[in-house]
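Data first, discussion second: the structure below is written as structure tokens.
Nothing in this text is a laboratory measurement; each read-out follows from the coordinates by a stated rule. Please read these numbers as outputs of a predicted model, since none were measured by experiment. No Cβ is skipped: glycine too gets one built from the backbone with ideal geometry, and neighbour counts run over all protein chains shown.
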Amino acid sequence: MPERALHEDLGAYVLGMLDPVELETFRAHLAGCPACQSELEELEETARLLTNAPKAVEPPPDLRVRTLAALQRAQAEGEGDHERVGTQPRKSWRSWRGRGLGGAVAVAAATAALLLGIQLGGDDGPAGELELRATLASAAGDVTAVADVVKLGIGREIDFRTDQLPILPKGEFYELWFAAPEDSASAPRRISAGTFHPDENGRTEVTLTAAVDPALYPILIVSAEPGDGDPAASGNDVLRSTPAG
């Protein structure tokens, strides 16, 4: 088989579209083809980078099916075939390639499949290290919240949960902070992890991200902010955690 044809099988290999004979042939080719090995490494590196990225919005469960179906429809329309997708037996990759789905498109489709595989059916990737689990409470102890701080490559991801914070007036919001032990109203030492509102039922379940080291800023604080455009803390702290140890 011509080397060019085998090169074009890289996309089908990643997509899992080769039949057993084609798969064996391509694997033999891949073992001795530095160009295909390099392209395959690039696709796998893309997948690794996306695996370590922040959580994405969950895509529709049928996104992968619809994406591949769209590719098949485009190929069918290109040859004047308007038969319904899925009514024919599974075609060999050779017939796809011979009818216009060439190497460049195949590699693009393979990259899309890698992205879909990560989001829909693949491994969730590194979960990260749980670095801190904190309970925050009001001064009176009548309002509490829980925060899990996970160490990731991008910084810290904070899952914050409570159903006891009152809903603030329109325009105001809550803000989560990491504070140093010496933090005070006159000399604040804190880093913001983001702002949030409870939902209409008073529940809060948010995931925030911050570039902060909890070893240096071990106290978590929630303040009520007026929404006046001033990024500095208002000083109206409503919840605070107790540092471990």
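Summary table below
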| item | result |
| --- | --- |
| 11 Å beta-carbon shell around Ala139, net charge (K/R +1, D/E -1) | -1 |
| Those GluC sites (Glu not before Pro) in region 162-245 that DSSP places in a loop and that have at most 11 other beta carbons within 10 Å | Glu182, Glu200 |
| Placed amide H near Val143: partners under 5 Å, 5+ positions off or other chain | Ser138 |
| Loop-located chymotrypsin sites (Phe, Trp or Tyr not before Pro) in region 165-235 whose Cβ has at most 11 other Cβ within 10 Å (DSSP) | none |
